[in-house]
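Read through the structure below, which is laid out as structure tokens, and then see the notes.
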Amino acid sequence: MSQTPTRDEAFALLTKYNKSESLIKHALAVEGVMRFCARKRGGNEEKWGIIGLIHDLDYEQFPDQHCIKTEAILRENDWPEEYIRAVVSHGWGICTDIEPESEMEKVLFAIDELTGLVATTALVRPSKSVLDLKPKSVKKKWKDKRFAAGVDRSIIEKGAAKLDVQVADLILDTIMGMQEVAEEIGLKGNISE
């Protein structure tokens with residue numbers, strides 16, 4: 001490469017392949033959490049954020065080739081190998097055999113599914129907001145397997161174990177990261193600041 005992609009370039013690529021509002025909001029949520037975790041863990045916030053933003057690039061158009069098609073698209077666009085590997089590793093054990101190794105990859109793997117559970121939990125609250133959401137509310141919903149049934153809790157647990165953190169800590173970090181982008185992801189709700 002390869003030039004380091006900018007956030008604008010990443011967002012343009014995301015919206016070229018994704019028109020679904022829910023997928024774009026998911027990408028923005030994951031970006032927010034990745035940026036938060038990068039600051040907390042001493043990572044490169046811009047790099048972590050861009051990888052979070054682009055991680056599901058192929059999901060809307062090529063769900064049956066998830067991660068594989070993203071790898072091809074990023075290569076065509078001359079993205080750095082480190083970015084490509086990180087994105088592909090979030091599908092470990094699901095659609096790829098690339099295991100998350102760096103801290104950045106492990107965080108992406110761990111929080112991807114969790115953003116969905118946090119968002120769904122926020123939406124059933126009276127405030128419909130992530131801004132007043134507490135980890136204990138998410139933990140309570142975690143136990144109800146029918147709630148947000150599409151969220152694979154075992155992946156989140158595997159991710160937390162890889163990071164050597166408690167799931168509760170991961171939930172808190174995910175909430176805090178999503179709070180920073182609450183407006184963009186439609187989870188500001190009806191809380192007045």
| field | q = 0.12, 0.18, 0.19, 0.20 Å⁻¹, region 7-179: log10 I(q)/I(0) [Debye, one scatterer per Cα] | value | -0.49, -1.15, -1.29, -1.42
| said: Treating only the Cβ of Lys, Arg, Asp and Glu as charged (+1, +1, -1, -1), what charge dipole size does region 7-179 show about its Cα centre? Round to the nearest 20 debye. | reply: 1180 debye
| request: Hydropathy first: keep DSSP H helices in the chain averaging at least 0.5 on Kyte-Doolittle, then drop any whose Cα extent along the axis falls short of 20 Å, and list what survives. | output: 103-123
| Considering only Cα-Cα distances, which of the following residue pairs are longer than 27 Å: 40/188; 25/69; 19/139; 106/145? | 19/139
| Using a Gaussian network for the chain with springs between C-alpha atoms less than 10 Å apart, which of these wobbles most: 63, 135, 100? | 63
| note | The set of residues whose placed amide H lies less than 5 Å from the amide H of residue 93, leaving out same-chain residues fewer than 5 positions away, is 98
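Taken together, the values in this text are just the output of simple stated rules run on the coordinates, not laboratory data. Every value quoted in this text rests on a predicted model; they were computed, and no experiment measured them. Here the Cβ is made from the backbone with ideal geometry for all residues, glycine too, and neighbour counts use every protein chain on show.
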